[in-house]
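Below is one structure; the comments refer to it alone.
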Amino acid sequence: MLLALLLALSLFAAACGDDDDGSADAGASSTDDAGSDSGEIASDFGVDVENKVIRVGINGDLSGPFASLVAEIVESQEVYWEVFNEQGGYQGWTVETVVLDSGYATDVGIQNYEELAQESDDGVLMITENTGSPITAAIAEQAAEDNMIVIPLSWASLWPDPEFGPTILEKQTTYCIESMNGVEWMAEQVAADGGDPALAIIGRPGEYGEDGSVGAALAAEELGIPIVYDGTGAVAGDDRTAIVAELVGSGANMVWVTLTPGELLDVFGNAVSQGFEAYWSGNSPSFNYLVHMPSDFAAEFSEFYFQSYYQAPWATPGIPGMDTLVEAMTANRPDLNISDVYTTGWIEGIMAQTLIEAAIDQGDLTRANMVALANSGLEVDFQGLSANQSWPQDYNEAVVRSSWIYDVDVSQFNIIPMSESTADNPGSTGLIPIEQDYVGSVAEGYVFDGPCIEPSG
């Protein structure tokens, strides 16, 4: 009952504010007619008005380089909608998920988008997760033409730009700003140790790698930190021997990476094996505790690596949204292991539910109205899981400038099934928050002309 109340009331408040038009009373019941005066709902695609079912799509990497984490994020979002539906939905409306696997291949991701966006009963109202910057960039223009809201599993600085992706609804900060914060935080640690910061940047090609690397370089420029090795876009193949050699000989005492987990394991492992010591951090997708904590270099990751992230990890105390998430995931997926990334799927669900409920209240579940609502100044309350979000048309107002920083502590790494997670032993991914909603001076004061990068291709 507590779970139902938190989901229904907190999200209704976020969507509707303090209106006195009677919609609050309607929202308290899951069986009332929809929110328009006539009880009718306007719709076009992805909405079954007769059965009051809304279809949402997930275009996720379930078999590619980020599959282990994306699979858990998808599970979380599916549980979110299961709980929503079990509690009667909203005014009797329920949500059905349609999940497709892109394998992180752009051509497959485009095909999946076309299937989800089809203008028929088999289409969806919105896409509540689209894995990856390359795929999101590739579909952004078509999504705008289709009035298709897309929530990317990507933090590229392109998404807050209304001219590039007016229907791409970013969540949390951008790779560029995350890098600014991460570099400044590492510089503070080096200075506290009595050293002079010297930065190495290592990234992969494409929107993701370039965005993170550019943000790191901008922070270094603003802070007067020398870049002693610039490997922006350097990790483009399987042989990273030259990259590691240049890094080890660079004199860097800080390393910022924008890589896949496998690439990070290779570069980091070879560097520390040669005696290289520095503060390491990077854009969030670079580090995967399922890959790095059980690796041969777990102790070195624990000593040198600090994870940058956007949200609260599993079972963080004192956060209302986390209590709800843990209760729901434990009840609905007890045999799955604990995971920090369940928060991501939950946040995606909160975003979509807030928009859907506002649309029902207006009596308009068309794709075009979903876009209009997103651009109306609507704010989404993430219940403490992450910084709240809205989508102003001004880039500098739209971007979230805070990020989280975690210590990597292999001694705390304790992945257990959720059925075994208790208040005394909740389990841990080994990521321990050091800074919550950290905003460095560079990120706080930086005036953006727009995205930090141009879309590739």
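Where a number appears in this text, it was derived from the coordinates with a stated rule and is not lab data. These figures come from a predicted structure and were not determined experimentally. Virtual Cβ from ideal backbone geometry, glycine too; neighbours counted across all protein chains shown.
At a glance:
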| item | result |
| --- | --- |
| Rel. contact order, % - alpha carbon contacts under 8 angstrom, at least six apart, the chain | 19 |
| Label-point separation, S411 to D193 (7 Å along Cα→Cβ), nm | 1.9 |
| Prolate/oblate/rounded call for region 75-173, Cα gyration tensor, a/c under 1.5 rounded | prolate |
| Region 103-250, Rg to Rh (Cα coordinates; Rh as Kirkwood inverse mean 1/r) | 1.09 |
| Angle in degrees between helix 133-146 and the longest Cα principal axis of the chain, rounded to the nearest 10 | 30 |
| Viscosity 0.692 mPa s, temperature 37 °C, Stokes-Einstein D of region 154-234 from Kirkwood C-alpha radius, µm²/s | 246 |
| Furthest towards positive pole of dipole, I356, P455, N375, structure part region 298-457, Cβ charges | I356 |
| Pairs of Cα atoms farther than 13 Å apart, region 316-378, % | 68 |
| For peptides 365-378, 207-220, sequence by mean Cβ density within 10 Å, most packed first | 207-220, 365-378 |
| Quarter of Cα convex hull surface for region 164-303, i.e. mean projection, nm² | 8.9 |
| Computed FRET value (nearest 0.05) for E327 with E114, which takes r as the C-beta separation and R₀ as 35 Å | 0.40 |
| Percentage relative contact order, region 335-448, counting C-alpha pairs under 8 Å, at least six apart | 27 |
| Structure-based [θ]222 nm, the chain - -39500 (n - 2.57) summed over DSSP H runs of at least 4, per residue, nearest 500 | -11500 deg cm²/dmol |
| Region 86-164, relative contact order in percent, only Cα pairs under 8 angstrom and at least six apart counted | 24 |
| Peptides 320-330, 352-362, 227-237 ordered by average Cβ neighbours within 10 Å, highest first | 352-362, 320-330, 227-237 |
| Among 105-116, 424-435, 297-308, the order from most to least packed when residues are scored by Cβ within 10 Å on average | 297-308, 105-116, 424-435 |
| Rg/Rh ratio calculated on Cα atoms of region 402-457 (Kirkwood radius) | 1.23 |
| Spin-label model distance (nm) - S376 vs D335, 7 Å beyond Cα toward Cβ | 4.3 |
| On Cα atoms only, tilt of 342-362 relative to the major axis of the chain in degrees | 30 |
| Options L265, A252, M293, ranked by Cα towards positive dipole end of region 246-365, top entry (Cβ charges) | A252 |
| Alpha carbon convex hull of region 343-457, volume per residue in cubic angstrom | 194 |
| Ratio of Rg to Rh over the chain (Cα coordinates, Kirkwood Rh, two decimals) | 0.97 |
| Kirkwood Rh, angstrom, region 191-234 [1 / mean 1/r, Cα pairs] | 10.8 |
| Inter-site label distance for N85 and Q274 at 7 Å from Cα along Cβ, in nm | 5.3 |
